[in-house]
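Input: a single structure, listed below in structure tokens.
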Amino acid sequence: MAPQTPVFLITGASSGFGEAIAHEALSRGHHVIATARNKSKLAASLESAGSAGAVMAVLDLDVTSDEATLAAVFAQAHAIHGYITHVVNCAGYLLEGAVEEASAKEVFDVFNTNVFGTANVARAAAPYLREAATVAGQTAALATFGSLGSWWSGAAVAYYCSTKFAVSGLTEGLADELRPFGVDVCCFEPGYTRTGFLSNGADGGDHRIKTARQLDVYRDSEAAKVRGAMDAYNGKQPGDVQKCASVIVDVLTKEGVAKGRAMPVRLALGSDCFEVVRTKCEDTLKLAKEWEDVTVSTMR
């Protein structure tokens with residue numbers, strides 16, 4: 001059987017990276033199944049996007065749903081074209097607040113969406129991607145989303161960054177598990193990119209959620225500085241989401257800038273993320289060297 005037109009199933013497609021990737025895939029003639037917690041929120045522009053032959057479909061999909069619900073949604077998605085070649089999990093949000101300020105429920109909810117939701121989608125997608133990979137020459141890939149926060153954490157964003165550390169680590173293991181079946185796995189780790197991600201409820205956004213409790217003790221702290229920096233940076237981020245989407249679709253289909261290259265397990269997007277990765281690696285090696293005598297002294 002010859003390779004078929006790629007079919008992208010994208011979660012969190014109502015805005016940001018999910019919406020941009022959907023547009024990019026459609027513009028190349030790929031089929032897209034765009035999903036969101038409420039499909040009515042999917043941009044109307046997606047309905048008319050794409051080149052000749054591209055087919056657009058929309059489905060409700062909440063990544064925190066139980067296994068039976070997720071299995072039913074993936075079966076419904078699979079039935080549209082008879083196969084799924086690419087699954088891109090963009091669903092996620094930022095919980096802003098000091099560690100002490102967050103409630104147990106707020107912490108669970110952000111991990112439930114960002115980490116457990118990623119795992120939920122991977123489990124549901126794996127059988128369909130393995131099936132697609134059996135077709136000679138067909139690319140089959142799973143994409144997850146880490147962040148600059150996969151490499152750096154700080155005051156007021158420790159919970160969010162820890163979810164992204166977890167997603168990047170989860171992806172490395174997934175890549176090893178699915179590679180023997182011909183399924184590629186990549187965690188995209190964008191830096192600050194111009195989307196609505198840093199907007200909050202006060203200005204119409206729902207991807208930056210502040211903890212309900214804000215303690216006076218943190219009013220003039222490092223946490224407050226980070227909050228202010230995010231407010232000031234909103235709308236001024238250096239990353240271009242359309243350029244990112246183009247690279248992401250290239251990587252997942254092994255075309256364009258990715259032609260002839262093996263798919264990376266983790267890919268930083270943006271010069272700001274590149275600098276964070278470089279600094280983190282250099283600082284980690286320096287720290288390891290400074291404490292090497294103590295580290296090795298614990299061996300028998």
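One line per residue, one yes/no per condition, for (1) modelled with pLDDT of 95 or more; (2) assigned to a strand (DSSP E or B); (3) in contact with a helix residue (DSSP H, G or I) (Cβ under 8 Å, 6 or more places away or on another chain):
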{"position": "SER14", "(1), (2), (3)": "no, no, yes"}
{"position": "PHE17", "(1), (2), (3)": "yes, no, yes"}
{"position": "THR69", "(1), (2), (3)": "yes, no, no"}
{"position": "VAL107", "(1), (2), (3)": "yes, no, yes"}
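In segment 253-261, is there at least one residue being outside any loop (DSSP other than H, G, I, E, B), touching a residue at least 40 places away in the same chain (Cβ under 8 Å) and among the small types (Gly, Ala, Ser)? Within segment 253-261, not a single residue is outside any loop (DSSP other than H, G, I, E, B), touching a residue at least 40 places away in the same chain (Cβ under 8 Å) and among the small types (Gly, Ala, Ser). Among the candidates ALA156, ALA141, the residue that is under 20 Å from ARG261 (Cβ atoms), buried (at least 22 other Cβ atoms within 10 Å of the Cβ) and of a type in the set (Gly, Ala, Ser) is uniquely ALA141.
For segment 225-274, the set of residues classified as farther than 16 Å from LEU148 by Cβ and among the small types (Gly, Ala, Ser) consists of GLY228, ALA232, GLY235, ALA245, SER246, GLY256, ALA258, GLY260, ALA262, listed by residue number.
Here SER40 passes the criteria (1) assigned to a strand (DSSP E or B); (2) at pLDDT below 95; (3) not hydrophobic (A, V, I, L, M, F, W, C) except the one numbered (1).
Scanning for something part of a loop (DSSP other than H, G, I, E, B) and hydrophobic (A, V, I, L, M, F, W, C), does segment 211-218 turn up at least one residue? If you could, list the steps in order and put the result at the bottom.
Let us first name the residues in segment 211-218 that are part of a loop (DSSP other than H, G, I, E, B), namely 211-215.
Now restrict to residues that are hydrophobic (A, V, I, L, M, F, W, C): 212, 215.
Checking segment 211-218: at least one residue is part of a loop (DSSP other than H, G, I, E, B) and hydrophobic (A, V, I, L, M, F, W, C).
Which residue is surrounded by the most Cβ atoms within 10 Å (Cβ to Cβ), if the candidates are limited to segment 165-193 and must be touching a Pro at 6+ places or on another chain (Cβ under 8 Å) and part of a loop (DSSP other than H, G, I, E, B)? My answer is GLY191.
I'm checking my understanding of the structure. Among residues of segment 71-97 that are touching an Asp or Glu at 6+ places or on another chain (Cβ under 8 Å) and in a loop (DSSP other than H, G, I, E, B), which one is surrounded by the most Cβ atoms within 10 Å (Cβ to Cβ)? Before the answer, list the steps.
Let us first name the residues in segment 71-97 that are touching an Asp or Glu at 6+ places or on another chain (Cβ under 8 Å), namely 73, 83, 93, 95, 97.
Subset that is in a loop (DSSP other than H, G, I, E, B): 83, 93, 97.
Numbers: TYR83: 19, TYR93: 18, GLY97: 26.
The residue in question is GLY97.
Here is a yes/no grid of residues against (1) part of a helix (DSSP H, G or I); (2) under 14 Å from the mean Cα position of the chain (by Cα):
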position: ALA122; (1), (2): yes, yes
position: TYR128; (1), (2): yes, no
position: ALA132; (1), (2): yes, no
position: GLY149; (1), (2): yes, yes
position: TRP152; (1), (2): no, no
position: TYR160; (1), (2): yes, yes
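From the list VAL241, VAL265, VAL249, the lone residue that is in contact with a strand residue (DSSP E or B) (Cβ under 6 Å, 6 or more places away or on another chain), touching a residue at least 40 places away in the same chain (Cβ under 8 Å) and not aromatic (Phe, Trp, Tyr) is VAL241. Here LEU198 meets the list (1) among the aliphatic types (A, V, I, L, M); (2) closer than 27 Å to ALA104 by Cβ; (3) not in a loop (DSSP other than H, G, I, E, B) almost entirely, failing just condition (3). When the residues of segment 114-137 are filtered to those that are more than 19 Å from PRO6 (Cβ to Cβ) and in contact with a helix residue (DSSP H, G or I) (Cβ under 8 Å, 6 or more places away or on another chain), the one that is surrounded by the fewest Cβ atoms within 10 Å (Cβ to Cβ) is ARG123.
For segment 109-152, the set of residues classified as of a type in the set (Val, Ile, Thr) and either more than 22 Å from GLY270 (Cβ to Cβ) or at pLDDT below 95 (or both) consists of VAL110, THR113, VAL115, VAL121, THR134, VAL135, THR139, listed by residue number. Restricting ALA268, ALA262, ALA224, ALA245 to those that are out of contact with any Gly (no Cβ under 7 Å at 6 or more places or on another chain), farther than 22 Å from LEU142 by Cβ and not β-branched (Val, Ile, Thr) reduces the list to ALA224.
The values are calculated or read from the model by the stated rules, or taken from the named source; none is laboratory data. Just so it is clear, the structure is predicted and the values come from calculations on it, not from any experiment. When we count neighbours, we look across all protein chains shown, and the Cβ atoms used for this are built from the backbone with ideal geometry, even at glycine.
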